[in-house]
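Q: Dropping the structure in here first, questions after.
The values are calculated or read from the model by the stated rules, or taken from the named source; none is laboratory data. In this text, all values refer to a predicted model and were calculated from it rather than measured experimentally. Methodologically, a virtual Cβ is constructed for each residue, glycine included, from the backbone with ideal geometry; neighbour enumeration extends over all protein chains shown.
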Amino acid sequence: MQVRSLAGFATYLCALAACAAPSSAPQPTPSTATAAAASAAPSDPYHPPPRDTVDAEMYNGWKQYSIHCARCHGDDALGSSFGPNLVKSLGPTGEISTRESFLDVLRTGRKKEGMPSAAKMGLDSVYFEGLYRYLAGRGSGQLKGGRPARAEQ
């Protein structure tokens, strides 16, 4: 009988300890750097907000780039293992730094390098000017990578 009352008393003490007030020891607080990083993180890391706002023609150029060109030249025109960096090529010292040379590449392609003409890719010539303006803006550093916002008309 005495063993039973000792077990009951031990259970009572454990329950009493669990109900006791929490300790007054200070709890660790997150560092301000961690808190700032958490608040600065975008709410949706897969769809960051646009960094540039462009007119409708340039926005349509970006859309056509995304559809027809990004698969070889990369999402932000920085190149890939088989498509050159268009930011550099259309930059001030690039090999396609003029509108005319860019349009010539679109019309004829670069067969030796494996690039088809725009017509063969299905890119309509009505988008050439916007595409050129978008890529020239990337090449000059006026536009950043990622999806631009379309300006209100």
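Q: Determine which single condition Ile96 fails, assuming it passes every other condition in (1) of a type outside the set (Asp, Glu); (2) touching a residue at least 12 places away in the same chain (Cβ under 8 Å); (3) touching a Phe, Trp or Tyr at 6+ places or on another chain (Cβ under 8 Å).
A: It is condition (2) that Ile96 fails.
Q: If you go through the stretch 49-78, how many residues are surrounded by fewer than 17 Cβ atoms within 10 Å (Cβ to Cβ) and more than 19 Å from Leu123 (Cα to Cα)?
A: Of the residues in that region, 6 qualify.
Q: Which number in (1) at pLDDT below 95; (2) under 26 Å from the mean Cα position of the chain (by Cα) marks the one condition that Glu129 misses?
A: For Glu129, the exception is condition (1).
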